[in-house]
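The values are calculated or read from the model by the stated rules, or taken from the named source; none is laboratory data. Here the structure is a predicted model, which means the values were calculated and not measured. Cβ placement follows ideal geometry from the backbone for every residue including glycine, while neighbour counts extend to all protein chains displayed.
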Amino acid sequence: MFWYGNYKNSNSTKRIAVIPGDGIGPEVIGVGRRILEEVTLRDPGVRLSMDEFPWGSDYYRDCGAMMPSDAIEILKKYDAIYFGAVGDPALPLHVPVWGLILPIRQSFQQFVNLRPMNSMAGVSTPVGNGRHVNILMVRENTEGEYIGQGARLFPGTVKDTALQISVYSRDGVSRIIRYGFELARKLGMSCTSVTKSNALNYSGVFWDEIFDEIAHEYPDVTSHSILVDAAALYMVTSPERFQVVVTSNLFGDILSDLGAGLIGGLGLAPSANFNPNHESPALFEPVHGSAPDIAGRSVANPISAILSSAMMLGYLGYGDWEDRIFQAVSRALTDIRHHPRDLGGDASTDQVGDAVLRALEDGNGNM
């Protein structure tokens, strides 16, 4: 079970906004919902209410926006958001992201993007040799290069110039680094900072200074600092040296995709976007995109969506079910007959979900 902040569960029904999104999003979220619905049937202590919203690229074609103008106000009423993916080849790449996912992250100050990457028995990986990847990528989620500030100068001329501004505030950097240390302390892990301070003489040095300051407050946590290019190398050659990794928005985005490749692919990589104070809804989503080339063919891997639903249960105070689902996925994948196409098998999206449900039943007496 991961740590999502200081949260006390109550017996109240947890409200979940479901946004399946584009491409394979509806397929994988559909499987994740089956898991959630089965949990609520079997455990009366888990009370969930799910409302679905048809926002995404189709909504954009009909309405001229990825979601309605009052979407943030609507979502404020929910405890969590379960999200599939956005992206459509007919739209510019930035439209789906800036039209839906980044406004949600920034409006609700979901400054923690937690992306766990764990090897699973039965899944072949590039790492090989019996080595295990167990990395928790803690990515700053509201600042850095994704703040949306900059300018386009002299467009259409030979002097056409793009300026992209990165923003690093003391509050923003401190809170993500402090969360990384708290997570490492609670799990008994080391905490590694990844920057590029030898080249980024303002933002990188600033990050390093704050990391060093906060590290002194956690003498019980082993800490390291490494440059991003070296981190990319060592994640491949010696991934065991990394446990909790805390880094900026851009570096975390890139390195977590690399980490997903080390464990078998993006189809195995879940994520959580949240604020540890639990004062606003959190968002849970598979790391992968909308994969329009395989949409509607029932071949998409739903594991990352299932694991994201498990993380959502953990955030909502049902940590035992988070652990059970992670364990059930691991058990299901030990049998190659349950592997989807991206893992070298031929199980359909729904068949993978069926296997996880059976593994849940096998793993504990009440399912």
Subset of the range 72-94, residues surrounded by fewer than 20 Cβ atoms within 10 Å (Cβ to Cβ), modelled with pLDDT of 95 or more and not in a loop (DSSP other than H, G, I, E, B), comes to 72, 73, 74
Please tell me if residue 325 is in contact (Cβ under 8 Å) with a residue 24 or more places away in the chain, surrounded by fewer than 18 Cβ atoms within 10 Å (Cβ to Cβ) and more than 14 Å from the chain's Cα centre (by Cα).
-> no
Residue check, residue 328 in the same structural domain as residue 49 (by TED's automatic domain parsing), in a helix (DSSP H, G or I) and farther than 17 Å from residue 136 by Cβ | yes
Out of (1) more than 28 Å from residue 102 (Cβ to Cβ); (2) without any contact (Cβ under 8 Å) to a residue 40 or more places away in the chain, the odd one out for residue 279 is which?
-> (1)
Residue check, residue 29 under 19 Å from residue 75 (Cα atoms), of a type outside the set (Asp, Glu) and surrounded by 22 or more Cβ atoms within 10 Å (Cβ to Cβ) = yes
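The rows are residues; the columns are (1) farther than 22 Å from residue 106 by Cβ; (2) in the same structural domain as residue 230 (by TED's automatic domain parsing); (3) touching a Leu at 6+ places or on another chain (Cβ under 9 Å).
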| site | (1), (2), (3) |
| --- | --- |
| 135 | yes, yes, yes |
| 139 | no, yes, yes |
| 148 | no, yes, yes |
| 152 | no, yes, yes |
| 169 | no, yes, no |
| 180 | no, yes, yes |
| 185 | yes, yes, no |
| 189 | yes, yes, yes |
| 197 | yes, yes, yes |
Working carefully through the options 279, 285, find the one that is assigned by TED's automatic domain parsing to the domain that holds residue 357, on the phi < 0 side of the Ramachandran plot, of a type in the set (D, E, K, R) and out of contact with any helix residue (DSSP H, G or I) (no Cβ under 9 Å at 6 or more places or on another chain).
-> 279
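So that you can scan it fast, the table gives a plain yes or no per residue for (1) surrounded by fewer than 15 Cβ atoms within 10 Å (Cβ to Cβ); (2) farther than 28 Å from residue 100 by Cβ:
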{"site": "115", "(1), (2)": "no, no"}
{"site": "132", "(1), (2)": "yes, yes"}
{"site": "138", "(1), (2)": "no, no"}
{"site": "155", "(1), (2)": "yes, no"}
{"site": "163", "(1), (2)": "yes, no"}
{"site": "179", "(1), (2)": "no, no"}
{"site": "184", "(1), (2)": "no, yes"}
{"site": "206", "(1), (2)": "no, yes"}
{"site": "214", "(1), (2)": "no, yes"}
Those residues of the range 331-344 which are assigned to a helix (DSSP H, G or I) and buried (at least 21 other Cβ atoms within 10 Å of the Cβ) amount to 332, 333, 338, 343
Please work out if residue 145 is out of contact with any Cys (no Cβ under 8 Å at 6 or more places or on another chain), surrounded by 21 or more Cβ atoms within 10 Å (Cβ to Cβ) and touching a residue at least 24 places away in the same chain (Cβ under 8 Å).
-> no
Take the range 165-177 and flag every residue that is of a type outside the set (Lys, Arg) and surrounded by 17 or more Cβ atoms within 10 Å (Cβ to Cβ).
-> 166, 168, 172, 173, 176, 177
Take the range 31-60 and flag every residue that is charged (D, E, K, R), in contact (Cβ under 8 Å) with a residue 24 or more places away in the chain and part of a helix (DSSP H, G or I).
-> 33, 34, 38, 42, 58
Does residue 256 satisfy the condition of being in contact with a helix residue (DSSP H, G or I) (Cβ under 8 Å, 6 or more places away or on another chain), crowded, with 19+ Cβ neighbours inside 10 Å, touching a residue at least 40 places away in the same chain (Cβ under 8 Å) and not aromatic (Phe, Trp, Tyr)?
-> no
Pick from 1, 67: which is assigned to a loop (DSSP other than H, G, I, E, B), among the aliphatic types (A, V, I, L, M) and either outside the structural domain of residue 315 (by TED's automatic domain parsing) or under 23 Å from residue 269 (Cβ atoms) (or both)?
-> 1
When residues of the range 120-147 are filtered for being in a loop (DSSP other than H, G, I, E, B) and over 16 Å from the mean Cα position of the chain (by Cα), how many remain?
-> 15
